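These notes are about the structure you will find just below.
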Amino acid sequence: MAPTEFLNASAPPASTVSPGDTADFWFELPPGFTEIDLEEDAESRLLRMTEVVDTLFAEATPQKKFNLVVSSEYILQTMIAGGVEHVSSCLLRMHGDKLSQGTLCVFVERPDSGPQNQDRQGSAKRTATQWRRIHQDAEIGLVMLPYGISALCIRDQELEVPGVLFGLDVPVPAKIREVQFSVPLKTGPGSVLFVFMTQDIEHWAECLDVLGGIMKSISSDEPHGDSLPEAGRHGTEGSEQEL
């Protein structure tokens, strides 16, 4: 079941993104996804995010709004420290007029040397095998996207956000669900890692459906922005394989 509507329904159908200005790797973001300026001052970003949350989640308690803002900023800072190239905030309106929030992060992993025509299937299999060894309770496999093969990992995480951010002496627990796609590059060694995470586990299937449209839009050429809405409705093309 797809979300009833994107929040930014009046926005263009999609915006094209090349993470880290990677000239040979593009994908499209649907309405509802807003790219975050990684160079923006953290204090300014927190103030802006607070205004957005206060407007969109008007029925939520002040404590819930505060927790959402602080948890999101903590995750963002963690990703920036990890070398993320692209971050988008996702706000979608689900059935029952409920808003769902998530975060999409993209990392480019391109080594300085390696074969220009890498064994992409072998690379994806090695990544899936490594994930299976590290995350024994996760759903892990391979999926064939229009761009090519990708390793896939879906898992739940129990985070502990530093309590000092909330004025507390103990950490604050936060449960999130995330999906990772590791996509080996066509044009040289390396891969692009997509990570989508949300605390809205209730609407996970709808979120995954929207993310499937983004993954289908990946191209080594700049997209023209006319295919994503249909892709977003039908999810990821191809079949998943267990290793």
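Values as computed for the structure displayed
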read-out	value
Strands (runs of 3 or more DSSP E) within segment 115-232 that include 2 or more residues within 20 Å of the chain's Cα centre (by Cα), modelled with pLDDT under 95 and surrounded by fewer than 19 Cβ atoms within 10 Å (Cβ to Cβ)	149-161, 172-184
Residue among E59, E139, E109 that alone is touching a Lys or Arg at 6+ places or on another chain (Cβ under 8 Å) and either of a type in the set (A, V, I, L, M) or at negative phi (or both)	E139
Residue within segment 78-95 that is within 27 Å of A205 (Cα to Cα), among the acidic types (D, E) and not in a helix (DSSP H, G or I) present	yes
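The values are calculated or read from the model by the stated rules, or taken from the named source; none is laboratory data. Just so we're clear, the structure is a prediction, and the values are computed from it rather than from any experiment. Every residue, glycine as well, gets a Cβ built from its backbone with ideal geometry; the counts of neighbours run over all protein chains shown.
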